[in-house]
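The values are calculated or read from the model by the stated rules, or taken from the named source; none is laboratory data. Quick caveat, the model's predicted, so the values are computed rather than measured. Counting neighbours? That spans all protein chains shown, and the Cβs are built from the backbone with ideal geometry, glycine included. The area values use the complete protein model at the heavy-atom level, side chains included, leaving out ligands, DNA and RNA. Shrake-Rupley method; radii C 1.70, N 1.55, O 1.52, S 1.80 Å.
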Amino acid sequence: NPTIYLKDYTPPAYLVDSVALTFRLAPKATRVVSRIQFRPNPDHENRDFFLEGEELKLIWAKIDGVDITPHVTDKGLSCEVPDAPFLFEAEVEIAPEDNTALEGLYMSSGMYCTQCEAQGFRKITYYPDRPDVMSVFSVRIEGDLPVLLSNGNPTGSGTGFAEWHDPWPKPAYLFALVAGDLIAHPDRFTTMSGKDVALNIYVRPGDEDKCAFGMEALKASMRWDETAYGREYDLDIFNIVAVDDFNMGAMENKGLNIFNSSCVLASPETSTDANFERIEAIIAHEYFHNWTGNRITCRDWFQLCLKEGLTVYRDSQFTSDMRSGPVKRIGDVIDLRARQFREDGGPLAHPVRPESFQEINNFYTATVYEKGAELIGMLKTLVGDDAYAKALDLYFARHDGEAATIEDWLKVFEDTTGRDLSQFKRWYSDAGTPRVSVCEDFNDGTYTLTFKQQTPPTPGQDVKPPRVIPIAVGLLSPNGDEVHSTTVLEMTETEQSFTFEGLGARPIPSILRGFSAPVILERDSSAEERAFLLAHDTDPFNRWEAGAEIARQLRMDMARSGGAPDSAYLDALLDIARDDSLDPAYRALMLQPPAQEDIAQALHANGTTPDPQTIYDVAETVAQTIAEHFGNTAPRLYAEMDTPAPYSPDADAAGKRALQARMLGMITRLDGGKTAAAQYAGADNMTQQYGALCALLSQDFGGDENAAFYQQWKHDRLVIDKWFAAQIAFTAPEETAEAAARMTHHADFNAKNPNRFRAVFGALAGHHGGFHHASGAGYALLADHLIALDPVNPQTTARMMSAFSTWTRYDADRQTLARAALERIAATDGLSPDTSEMVGRILS
Ligand code: LEU
């Protein structure tokens, strides 16, 4: 597959003024008739006319009403066209029922639906399938189904047909169509200028009782975007549809968002607190795309972070406002380190704005999304809140209706503030996580912090010039008072010092408050200093960070040279657990052990080859020691964190349940499963039912509950996904691959359903000790199933390949086994471009 480069971008040769599409739906032979009004682009000289099109059967084509015989390949269509505006018409046939890749028009549980981002529209009809070609779409759907939906506003309907018109010009990747036997959960919203909007969440019959929460989240998002960004909704109707078979989370098609059902359907009985929070965030994310993504879209796919980074940033602001800011920030940083730092430190490292790709689907990554969002946060820190607001207003005013670039984005900040952002731009072009080391000096009342930055080489980028790094710092006096409140130091050099004058005593620094930049801070602080910050830091993020650093260091030391947690550490955990001045959700995060993957990452970064079995054993030992140290505190706190019935998914109640779940984990190690079994039996919500099941399984109890859970929920796909994952997640490392293999033989396993496939293989890949077990069974099993899935669904296969991305971190024996698995995948005949690009990058 050819590599495509950002530097080769050229504007489109032809622009589209309007598109009219007619769909005659049939599972094996859907006909699509297109009428596309083209016009030569005055900004372009090359006049070759080419329309992307894949897996289409062309029935006929015409230009200005005259039959033509175009040149057709498996990539698209070309023909002679007039040197003036013209009408292109064509009819094609496609087979949605055979479309297991879930890109373009496909079928899921009897309904028709589409997924066009990034390049799925070319599987629907011949079209200039690139985001900088924006046009107004009219759609007519003919089919014998009760609900027929497309983008925009409805313009007509009758028996067996519906017509839609979207007045907002859009690229083809935002096109959507849904048809099926669906039920609407309706509501209404009045926008800030008083416009009435009809809202619907469409689901399959049986799921109607799982829409209320999503609808509230939608209305909250619409209101928030008005107050926080001044952005109003712009159509008469906004529809959301839940689909069972979906490669990703959800998609922001104009006026017709399509969601993986796992990201919208919610009920207390079937969804956990974590599900509720995620659903709220994803609904917000897709809704916010209406302005950051749809009204202003991307010029080309290299600019993907323009819409995704900004929209992730916006949805994280929304969640902070709806729930707890510090808790959201800590959760985001845990996720960033687990997924993005891992990506940035291995063979899949790429810039937030990549400069080349073979398959764009492989770049919907933690780097583009989550690091992309961190860049927005840094920009806001550097220019300040007021300038950020002004720059965003200018962005919307200047680029509404356009397909924009990162240069356009940065320019609005430069024009607003007069700042030169050329150094900041390196954050977009240079891959890798900067390492920032710091040393200090105190002399005669003057305190100096000296920072050094260095970014390790990444594939294709050996040398990295210094970046601008906003480092938020506060200083504490030895008695715990804040003597210098948070200031943002702007580091621009490779090495740079900052001084603070007039201090009575040597202060204790709190550095990188709020995680003000996505860097790895290297500081040889003493155990006492970390314990001091854990007790006194006024910045909630850094207080958590001090605890996380102690926890990580302890496990690294134990993995390297044995030992045991000291009582100061255990007492500090107890103090935090019992401190009622702290939000329970925050306490739960403080008590959350570091992921084993994080310990492996940290050991590797410090020159030790991580041994997954040892890391697993250390985690078990520490957890057992903590449980024993907590003694009676755990049952007491467990009882204190009871939440009143009926269940409510709000942040306070969810926080209490999170702390309660930590206590249950400890209790179950000591009471033979009694408390967890009682919780299971009495639970009236999934958070507590599933929480109890997991606690039991993690200690090898719960055989009866496990069987009962399956019987109770076997009709509910999303709950059974959780059950599948639980059968694997709580195994000992030597049993994990076998458990995963067993689940693939379960009657309810269906590799064609991405959620079910991910339930099994996400759980396998997420079990650090099990996936990297010395036998190599985890590697071999995943390889077998990726090879089998690739011809069915390349996108999901390629995404799951990233499980292998850390293989060179481990010892020679494991590397041999992992390499064998990877080479087997690479040698597979007819491997998809998606998967071959991934395996190539991972092996290189
Ligand atoms: N644009 C989508 C999102 O909101 C992703 C797409 C590939 C389904 O993240």
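Before moving on, here are some points about what is shown:
- Breaking point among (1) outside any helix (DSSP H, G or I); (2) free of Cβ contacts under 8 Å to residues at least 60 places away in the same chain; (3) buried (at least 21 other Cβ atoms within 10 Å of the Cβ), for D441: (3)
- Within the set S775, S805, S844, the sole residue that is touching a Gly at 6+ places or on another chain (Cβ under 7 Å), surrounded by fewer than 21 Cβ atoms within 10 Å (Cβ to Cβ), of a type in the set (G, A, S) and at negative phi turns out to be S805.
- Strands (runs of 3 or more DSSP E) contained in the range 137-194 and holding at least 3 residues crowded, with 16+ Cβ neighbours inside 10 Å: 147-150, 161-170, 177-180, 183-190
- Of residues in the range 555-595 being under 15 Å from R530 (Cβ atoms) and in contact with a Lys or Arg (Cβ under 7 Å, 6 or more places away or on another chain), the one surrounded by the fewest Cβ atoms within 10 Å (Cβ to Cβ): I576
- For the range 270-287, the count of residues that are within 13 Å of the ligand (Cβ to nearest atom), outside any helix (DSSP H, G or I) and surrounded by 22 or more Cβ atoms within 10 Å (Cβ to Cβ) is zero.
- Extreme residue, nearest to G401 (Cα to Cα), among residues of the range 301-327 that are out of contact with any Asp or Glu (no Cβ under 9 Å at 6 or more places or on another chain) and open to solvent by 20 Å² or more (accessible area, probe 1.4 Å): Q317
- Output for the range 531-554, where each listed residue is charged (D, E, K, R) and either at pLDDT below 95 or in contact with a Lys or Arg (Cβ under 7 Å, 6 or more places away or on another chain) (or both): D537, D539, E549
- Every pair of residues 6+ apart whose Cβ atoms lie under 6 Å, when the first sits in the range 356-383 and is acidic (D, E) while the second is modelled with pLDDT of 95 or more and more than 12 Å from the ligand (Cβ to nearest atom): E359/P833; E359/D834; E359/E837; E370/L336; E370/Q340; E374/P518
- Filter result for the condition that a residue is surrounded by 15 or more Cβ atoms within 10 Å (Cβ to Cβ), in contact (Cβ under 8 Å) with a residue 40 or more places away in the chain and in a loop (DSSP other than H, G, I, E, B), over F424, F498, F451: F424
- Among the residues of the range 19-39, those identified as in contact with a Pro (Cβ under 9 Å, 6 or more places away or on another chain) and open to solvent by 20 Å² or more (accessible area, probe 1.4 Å) are L25, A26, P27, K28, Q37, R39.
- Enumeration of residues in the range 513-531 that are touching a helix residue (DSSP H, G or I) at 6+ places or on another chain (Cβ under 7 Å) and part of a loop (DSSP other than H, G, I, E, B): S516, A517, P518
- Cβ-Cβ distances below 6 Å connect the following pairs, each with a first residue in the range 286-299 that is within 19 Å of G249 (Cα to Cα) and in contact (Cβ under 8 Å) with a residue 12 or more places away in the chain, a second residue that is open to solvent by 10 Å² or more (accessible area, probe 1.4 Å) and near the ligand (Cβ under 9 Å from one of its atoms), and a separation of six or more residues or different chains: E286/A250.
- In the set G377, G345, only one residue is open to solvent by 10 Å² or more (accessible area, probe 1.4 Å) and closer than 15 Å to V312 by Cβ; that residue is G377.
- All of D315, D332, D300 fail the test of being away from the ligand (no atom under 14 Å from the Cβ) and farther than 22 Å from K170 by Cα, apart from D332.
- Cβ pairs under 7 Å, 6+ apart, first in the range 240-257 and assigned by TED's automatic domain parsing to the domain that holds Y112 and farther than 15 Å from Y106 by Cβ, second within 9 Å of the ligand (Cβ to nearest atom) and aliphatic (A, V, I, L, M): G249/I282; A250/I258; A250/I282; N257/A250; N257/M251
- Segments classed as helices (runs of 4 or more DSSP H), wholly inside the range 724-804, with at least 3 members that are assigned by TED's automatic domain parsing to the domain that holds Y106: none
- Test: L822 is among the hydrophobic types (A, V, I, L, M, F, W, C), surrounded by 15 or more Cβ atoms within 10 Å (Cβ to Cβ) and more than 17 Å from P347 (Cα to Cα): no
- Residue in the range 246-253 that is outside any loop (DSSP other than H, G, I, E, B) and either within 13 Å of the ligand (Cβ to nearest atom) or modelled with pLDDT of 95 or more (or both) present: yes
- In a residue-by-residue description of the range 210-227, the property of being assigned by TED's automatic domain parsing to the domain that holds T155 and in a loop (DSSP other than H, G, I, E, B) applies to at least one position.
- Of the criteria (1) at positive phi; (2) over 27 Å from the mean Cα position of the chain (by Cα); (3) touching a residue at least 24 places away in the same chain (Cβ under 8 Å), which one G418 fails: (3)
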